[in-house]
Amino acid sequence: MAYAEQYIDKLRKSGLRPTKQRIKICEVLFDTDKTFHFTIKELVKIIENQANIKVSLATVYNTVHAFIKKGYLKEIPLNASQSYYDTNVTHHHHFFDEEENKFIDIHQDDVDEVNIKRTIPGKKIRSVEVIAKIVSDNQSQK
Ligand SMILES: [Zn+2]
């Protein structure tokens, strides 16, 4: 039950009413040892399979975005028709497998400092996130 209280707290801090559905969303997002990447549609499927309840796309979308604002989740800035989200909110980089539409974490230490030669007057770089897009390397044999 301690978990449920923690989720209710997270929801309230994000300005959301802790409904049964939203608590289930929290369970799927935060009640795991492993962090994961997801789209809204994938998350809806996971919730419905795991919790055996119906949730609307809109509820999941609104909850995810309220959590992003609070820093409980991260949106991955990939230019795609699809938005991707991450339950790992620490600073890290990604491989993006273009064939499987999947992200794989790259630890911060596995990327050397990126040398950006241009500056914007009056601005400094706060952080750099690398997305390395990957494909199978047997492409030339096709
Ligand atoms: Zn990640």
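Spin-label pair Glu98-Asp110: with each label point 7 Å from Cα along the Cα-Cβ axis, the two points sit 2.0 nm from one another.
Given R0 = 25 Å, the distance between the Cβ atoms of Val130 and Lys34 translates into a calculated FRET efficiency of 0.70. Each Cα pair under 8 Å and six or more residues apart adds its separation to the average, and for segment 2-76 the resulting relative contact order is 32 percent. Averaged over residues, the count of other Cβ atoms within 10 Å places the peptides 124-131, 57-64 in the sequence 57-64, 124-131, highest first.
From the Cα trace of the chain, what convex hull volume per residue do you get, rounded to a whole Å³?
176
A dipole drawn for the chain from +1 and -1 charges on Cβ atoms has a positive end, and of Pro18, Ser136, Thr35 the residue lying farthest that way is Pro18. Over the C-alpha atoms of segment 90-141, the Rg to Rh ratio, Rh being the Kirkwood estimate, stands at 1.10. Rounded to the nearest 20, the size of the Cβ-charge dipole of the chain about its Cα centre is 960 debye, with Lys and Arg at +1 and Asp and Glu at -1.
All of the numbers you see were taken from the coordinates with simple rules; none came from a lab. Keep in mind it's a predicted model, so treat the numbers as computed, not measured. FYI the Cβ positions are ideal-geometry reconstructions off the backbone, even for glycines, and counts take in every protein chain you see.
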